[in-house]
Each structure stands twice: as C-alpha cells, then as structure tokens.
1. If you take the Cα atoms of the range A:165-270, find Rg, then find the Kirkwood Rh from the mean of 1/r over all pairs, what is Rg/Rh?
2. If you count, for every residue in A:351-358, the Cβ atoms of partner chains within 10 Å of its Cβ, what is the mean?
3. Along Cα→Cβ, 7 Å out, is where each label goes; now give me the distance between the ones at residue A:17 and residue B:313 in nm to one decimal.
4. Taking the Cβ of each residue in A:50, A:192, A:313 as the centre, tally the other Cβ atoms inside 10 Å and list the residues starting with the fewest.
5. Determine the gain in length on full extension of the stretch residue A:218-residue A:364; use 0.36 nm per residue of separation and subtract their C-alpha separation, reporting nm with one decimal.
6. Determine the principal axes of the Cα atoms in the protein assembly as shown, then give the extent along each, sorted from largest to smallest and rounded to whole angstroms.
7. Take every DSSP beta bridge whose two residues both sit in the protein assembly as shown, then give the antiparallel share in percent to the nearest 5.
8. How do B:476, B:237 line up, fewest other C-beta atoms within 10 Å first?
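Laboratory data are not the source of any read-out in this text; all were calculated from the coordinates shown. This structure is a prediction, so every number in the text was calculated from the model and none was measured. Cβ: placed from backbone, ideal geometry, glycine included. Neighbour counts: every protein chain shown.
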C-alpha cells in the first residue's frame with residue numbers, strides 16, 4: 001500500500017513495544033458483536049494507474065462545459081481562471097495545512113485570510129467581512145439568523161427573485177429553528193414590491209441582486225424602508241463579478257451582504273466546493289458567524305495575524321454560539337484572493353465590463369430570433385428569455401447538438417405553467433462570438 | 001516590544017536572531033500585504049477589447065474606485081509563494097493535531113478532481129450530460145454505505161458541522177412525523193466537540209450534558225438517569241474525543257431507542273475503526289463522515305470539507321434533497337422537497353461538495369477494502385505506540401489501549417511553571433506542528449496527539465524523542481519556565497498577542513492606516 005509506511009516488521013515490533021500480542025488486543029473495547037474479522041464487500045486496493053483509468057471513464061461520460069458552447073449561470077458561472085491560481089493553491093503549504101490554530105506557523109494562511117476579508121469588504125462596499133462560509137447559499141441562511149439575533153425579531157421577508165435553492169435552505173432553517181421565512185412569488189418581469197411586505201416584526205428583507213431572472217434593481221428605496229422599520233437589508237449576490245460593474249450593495253444601504261464567490265478563482269465543480277462571502281457593518285461584528293482573521297503584534301512588536309473574536313464561536317460558546325459552523329472554505333477563499341489580486345482594480349472592473357458587453361451582444365442576437373423575447377431591461381451577464389416552447393425540451397434538444405443553452409426556470413421552480421417557457425441565459429468572457437452564433441442558429445431551427 | 005526592536009522599527013529578528021538589514025532571515029522573508037504593493041497601471045491579466053454593446057445596467061453602474069491594488073502576475077506569484085512559506089503543512093512534517101486526522105493527501109486525488117469531466121461541469125446541466133458525475137456520487141454513496149453498514153446516505157452537507165445539522169434535522173423531522181416533537185432535549189457528553197451542542201441549538205433543541213466516568217467514557221448510569229419522554233436524541237462521538245472506544249455503545253443505543261430517542265453518532269473519528277467496525281452494527285441512527293479526515297480530502301488551511309451523513313432505515317425517508325435516483329434512462333436527481341417525498345428540506349445549493357467526492361472516492365479506491373482496514377489498524381497502532389513510549393515522560397489521561405489518538409493531561413508539568421501552551425510552542429521550535437491543546441475539556445491541560453497511519457515508524461520515533469526531551473527539560477532545567485515561555489523563537493513570528501487582537505479588532509486593511517500604526 002503506497003500510502004502506508006509501516007512494514008510488517010514495524011508492526012510486529014511496535015506491538016511488542018506496546019506489550020500486546022496483536023491488533024485485536026488494541027480493539028478489545030469494541031463489543032464482540034460488532035467486531036468484524038473479514039473484509040467488507042468492496043474491491044481490493046488499486047494502483048494509481050487503475051484508479052485514474054476508472055475515474056477517467058466516469059468523467060468522460062459528462063459533457064465538460066468548456067468543451068461546448070455553454071451559457072449556464074443561476075448561481076454558478078464559468079469564468080477563466082489564470083493558471084497561476086491553481087498552481088499556487090496546490091502548494092503543499094496551503095493545500096495540506098489546517099485551520100491556523102497555531103498562528104506562529106500559520107502566518108501565510110492568516111495573512112491571506114486578512115487580505116480576503118479586505119477584498120470582500122472593498123468589493124461589497126461593506127465595513128467588515130469574515131474569513132468565508134461554505135458557499136453563498138449557506139451564507140444566506142446564516143445572514144438571516146444573524147439578522148434575527150441583531151434585531152431580536154423572527155420574521156424574514158424573502159424576495160421572490162431569490163435563487164430557489166437559497167430560498168429552500170432559509171425555509172429549512174426557519175422551519176426547524178423556529179423563525180418565519182415569508183417567500184415572495186417569483187416575478188420574471190422583475191417588478192416585485194418588497195417594501196410593502198415589511199412590518200414592525202420584520203427582522204430582515206433578503207433580496208438578490210441581480211435577481212434569479214437577472215434583473216438589477218436600485219436597492220436604496222428598499223434600504224430606506226428597512227431602516228424605518230428597524231429591519232436589516234440582506235443583499236445576496238450569486239455572481240460576484242457583477243460587483244465590478246455595479247454600485248456595491250454597501251453603497252445602497254445593505255446591512256449584510258452575502259455572495260457566492262465561486263466566479264473568482266474557482267471552477268464549476270458540479271456545484272461545489274464553492275466559497276461564501278459574508279460582509280456586514282462594524283456595529284454587527286459580534287453577531288457575525290464564522291472565523292475572523294485579525295491583526296496584532298508578536299512578542300517582538302512585529303505585525304502579525306491571528307484568529308480573533310472566537311468567543312462568538314462554537315468551540316468556546318458551545319450551544320450559545322452565533323453559528324454551528326467550524327470549517328470554512330479556506331482553500332477556495334485562497335483561490336478567490338489570488339485571482340482577485342491578479343485582476344486588481346483594472347482587471348476586476350474590466351472583466352465585469354467585458355461580461356456585461358458580451359451578455360448585451362448575446363441578448364441582442366437572441367432577441368432577433370423569431371418567437372424569442374428578452375424579458376430584462378437591465379441585467380449584468382445573465383438574463384431571461386421567453387421561448388415559444390417549454391424551455392426544458394429546448395435545452396434537451398440543444399444538449400443533443402452539444403450546446404448547453406441555458407437553464408430552464410422550470411429546473412429550479414417546477415410545476416408552474418407560466419414559467420415553463422422561460423430560459424436563463426448567461427454570457428461570460430469565456431463565450432466567443434461563434435459560441436453565440438451556434439446557440440442562435442440552433443435555437444432558430446428548434447423553436448421554429 | 002523591546003527597546004532594541006523599537007529602535008530599528010520593529011521590523012527585524014527576535015532576541016538572539018541574526019540581525020539583517022532587511023528583516024529577512026534567509027528563507028524567511030518579510031512580506032507586506034498585497035494592498036501595500038499595488039501600482040496604478042499594473043494588471044495581472046490581459047483582457048480582449050470590449051465588443052460594442054449598449055450598457056444596460058439600469059443606471060446602477062459603479063462609480064468611483066474600489067481600492068484594489070494593481071499587480072503584475074510575477075508579483076502576485078511571488079507574494080503568495082512567500083506567504084505559503086510561513087505555513088506548516090503535512091507535506092512538510094508530522095501534524096499531530098488530535099481529532100483532525102491530518103493524514104497524507106495523495107496528489108492523484110487532486111488530479112482526478114481536475115478532470116474536465118468533473119471539475120468543469122455545471123451543476124444545472126441537463127442530467128443527460130452529467131451521467132458520469134451522478135455515477136461518481138452514487139458510487140461514493142455505495143462505498144460509504146458498505147463501510148458503515150448503513151442503508152442510506154445524504155451527500156450534500158458541506159462539512160462536519162453541516163453534516164451534524166443534517167443528521168439532527170433528520171431526527172427532528174422523524175419525531176415530527178411520529179408526533180413526538182415535544183421531545184426537545186438532546187444529551188451530549190461533556191467531552192463532545194463544540195459543534196455538537198451548537199448544532200443541537202440550531203435545530204431548536206436544548207442541550208443536557210452527560211458526565212464522563214473515571215475512564216473517559218460516558219457514565220452509563222448518569223446517562224440512563226437522564227432519559228425521559230422529552231429526550232430527542234443522544235449525540236455521541238465514537239471513538240470519543242478522548243480517543244477511546246465507547247465500550248457500552250450497544251447498550252447506550254438500546255437505552256436511547258427504548259426511551260423513544262435516536263442515536264446521533266459523530267463520525268469525526270471514523271478513521272480509527274474504518275473496515276474494523278461498521279457503525280451500523282452498533283445501533284446508531286445516523287453518523288456524519290468528515291471526508292476531509294477519514295478519506296483524506298485536503299484540509300486546505302481550513303476547508304473546504306464535506307460531511308455526508310449515513311442514515312438508518314428509520315431516518316432515511318427524511319434525508320434532504322438532492323439525491324441521486326436510478327431512473328429508466330440512467331441516473332436522475334431528486335431536487336424538490338415535498339414533491340412526493342418526506343425530505344426535511346434542503347441544506348445546500350446544488351449537489352454537495354463534488355470536488356471532495358472525487359478526491360474521497362479516488363482515495364477509497366486506492367486503498368480498497370483491504371487497505372482501508374489497514375488504515376484504521378495502522379492509525380491505532382501508531383497512536384498506541386506513541387502512548388506506550390511517552391507514558392513515562394508525559395502523563396496519559398486514561399489507561400489504554402487507545403484508538404487513533406493519544407490523550408495526555410498536564411500532570412507531568414505540575415510545579416514546573418510550564419503550561420500545555422508553552423510545551424506546544426516549544427514543539428514548534430523543534431519543527432513540529434503541536435498537538436491539539438486544551439481539548440477535550442474533560443481533561444486538565446489536555447494534549448491530544450493523533451499521528452495518523454501515514455507516519456512512518458522513524459518519524460514517530462523522532463517525534464517521541466523530542467517530546468520526551470522537552471518533558472524532561474520542563475521537569476529538570478532551572479530556567480524551564482522562562483525558556484518554555486519564550487518559545488517559539490525560530491518562527492516567522494514569535495507569540496502573537498491574541499488579547500490585543502480581540503480588544504481592538506483590526507479585521508481589514510485600510511489605506512489611511514499605515515503599517516507602522518500596528519504597534
């Protein structure tokens with residue numbers, strides 16, 4: 001076994017040093033009824049080549065998004081990640097270390113987390129950010145629970161335009177944690193009135209921007225309505241690249257901002273692992289979930305970093321903690337940090353403009369297809385089109401032609417006839433003009 | 001801060017270190033924040049020209065600069081390479097962090113996760129285009145069910161604590177279905193990891209602590225005395241956080257079931273028994289598996305993890321969406337709760353930590369049924385060997401045999417003025433990452449050492465010699481207290497002031513605060 005250094009001779013002499021006759025003696029606390037002598041019914045060990053061969057066969061059964069024209073979004077976006085990002089995160093000092101419990105030998109991790117927190121605060125326009133969450137969807141649920149704590153209220157208003165998976169998670173937490181989550185009706189036209197749903201008992205309003213249909217809205221009036229009612233405004237961003245082009249939520253009055261950070265530094269990975277960004281205002285700092293890296297000095301007075309404010313966390317507070325979260329998404333946060341550093345101000349804003357321009361190009365091309373209409377007036381890199389046929393059938397037909405044409409709204413919200421013909425379409429910097437023409441050409445034939 | 005280091009701007013080596021002009025010490029290079037290195041006009045990417053297209057941002061285009069620094073690619077590569085060199089890692093040495101299972105991370109697993117067919121697949125592609133991805137999830141699920149002897153598994157939880165939440169919500173949903181939702185008390189041993197009580201609280205439960213007996217296990221009589229019609233479940237880690245197998249576990253399972261409750265087993269320490277014991281044979285109802293511990297997906301500086309939860313037949317119907325379905329045209333996915341199922345809801349967007357699934361399956365296939373059993377045996381052998389050889393110089397908290405980790409208390413440091421923390425910091429100077437300190441809480445000044453199966457005997461012998469020498473030094477040296485308290489001396493930073501960090505939190509860089517102000 002290539003990963004196991006002990007030899008038979010080692011094992012024998014070590015058992016002798018312990019003073020037992022065999023391994024069974026070391027397992028003697030296991031009740032006799034549960035001791036297994038034989039092997040479980042699974043294949044025996046395999047060499048590297050054999051594992052690689054078998055897994056490659058499975059991988060080859062999938063259509064990799066990058067191998068075909070692909071226009072998928074809805075919370076996961078295909079962007080180009082510079083080669084240096086993956087090379088750096090695979091350095092063993094990052095990949096094979098753990099939570100920086102011993103700061104003297106983890107300054108590398110702590111410093112990049114501090115940089116990550118700063119980048120997240122800057123792009124969201126917020127005052128502070130934590131060292132990451134599992135992903136955007138779980139960060140969203142944590143944000144609602146934090147708002148409940150901060151306001152001592154228990155009714156959360158969820159926009160109908162919130163990603164249906166995010167909504168389902170908040171509803172799940174609400175059901176069992178004992179708070180109310182009132183979900184709005186999805187409005188593909190993007191005219192949802194959220195302010196009228198705010199009451200004196202509302203802890204927060206959760207709004208996604210751009211929303212699941214791609215609509216962008218000015219959140220300032222909603223922020224004002226929240227402020228008047230004493231509720232917090234939670235803004236969800238599932239496409240973090242949009243922050244390079246749009247007025248940041250912090251400037252529009254958000255109290256908590258959560259983002260799916262996958263777009264920067266991280267691949268699609270069939271949905272995970274991703275990285276959740278979580279930012280808020282300084283006054284809510286001690287209500288925040290998750291780990292925080294903070295600046296301090298060492299015994300020689302030199303600047304350094306540590307994990308801090310851990311009195312909020314489960315390992316100290318146990319059942320009174322702000323969250324049960326322990327592990328965060330360190331390596332994905334590192335990939336985010338490195339990619340963002342490579343982009344810098346010019347690269348991040350330039351990338352966002354490029355995405356928007358390409359999406360505009362695609363929207364114009366699609367709007368010209370007979371029977372197809374674009375529902376959005378304003379959007380970033382994702383928008384909704386209405387087809388003359390059910391979108392799921394169209395998408396299947398496109399897939400047979402090796403085009404990943406979009407995500408049917410019915411995949412996320414099934415059983416609603418009025419949504420059945422709607423398709424979510426995304427363009428990023430990875431889409432070429434010929435990709436777009438392939439989609440448009442195929443659609444013309446399919447919807448005719 | 002000493003007068004001497006103030007005089008040179010607080011930017012150079014510690015006492016006794018070689019003084020350099022730069023503050024660098026050979027391979028230890030001082031590295032400012034990325035924000036302190038940017039220049040306008042630099043960028044690490046070359047983007048194509050913008051196509052002509054009318055702006056459609058609804059009047060919400062960003063105005064004003066974000067404040068991100070501009071750097072070229074070589075600068076960024078050098079920055080993060082230098083930061084990496086300030087980290088300890090398994091690749092560099094023994095990382096005996098108890099309860100974390102810091103084992104070797106095979107690079108084959110990284111390569112497999114990056115195959116375009118796994119790494120570059122969108123979670124909402126038509127299922128006809130992701131049959132191999134669903135097959136991988138289904139195959140891993142099969143391996144996990146066989147290894148644990150359990151009939152079902154929920155794959156989507158993102159980490160151990162998320163898996164605990166999944167399991168406990170299955171329990172709550174099952175009680176609701178049985179009209180037993182008045183059961184709101186959860187029994188948790190004192191030695192439990194903090195996530196257990198925190199999770200129970202998120203599920204709407206109150207936590208009732210069970211004391212440990214003199215041998216570090218659940219006090220069976222005290223546990224039975226706490227059973228009642230309001231008890232929803234017990235959350236028990238097995239092997240427990242003292243590294244001990246709960247001998248009475250089958251009786252505990254019978255008792256909790258007899259009282260109408262469920263048995264949540266925390267599988268953080270599954271590495272000790274994989275292939276030797278199937279948790280299903282112990283009478284548990286659910287158990288999360290930290291793929292980043294037992295099945296070697298890398299810890300990555302603190303995640304991402306993955307925490308699938310195996311479930312008994314009683315709890316399986318309540319598992320959250322999504323799950324893989326064997327349909328007539330191949331694999332499909334159930335994604336909607338309430339649509340003809342009893343799923344308690346959803347815990348995560350999409351399908352779970354696919355990248356971790358690929359790595360874990362590659363690891364499991366590499367070991368096979370025979371190798372996984374050997375993993376557990378070698379992990380247990382290494383821990384017992386370490387305990388046997390350290391039992392005279394350090395003080396074991398409980399008599400052996402232990403499982404995959406060896407727990408010591410701080411009696412061996414009594415009257416030396418040296419603390420567990422000091423001992424840990426001295427180990428750093430010797431080139432080791434310290435063991436877990438001050439956990440579990442049931443032991444005074446705990447030192448929890450988990451060597452894992454991927455350490456060689458030579459590596460263990462060296463570590464043992466260092467620990468013994470340090471223990472003897474603590475007991476015999478005249479200057480022991482001062483010497484230990486001064487450690488570590490050879491790290492990029494000496495001991496850091498955590499109190500100051502918490503008192504006045506500085507959690508981000510700000511342009512108006514120059515680095516100097518950190519003093």
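1. Rounded to two decimals, Rg/Rh equals 0.96.
2. 4
3. 4.7
4. Listing A:50, A:192, A:313 from fewest to most nearby Cβ atoms yields A:50, A:192, A:313.
5. Extra length available between residue A:218 and residue A:364 comes to 50.2 nm.
6. Reported extents, whole Å, longest axis first: 85, 70, 59.
7. If we restrict to bridges inside the protein assembly as shown, about 60 percent are antiparallel.
8. Listed from fewest to most nearby Cβ atoms, that is B:476, B:237.
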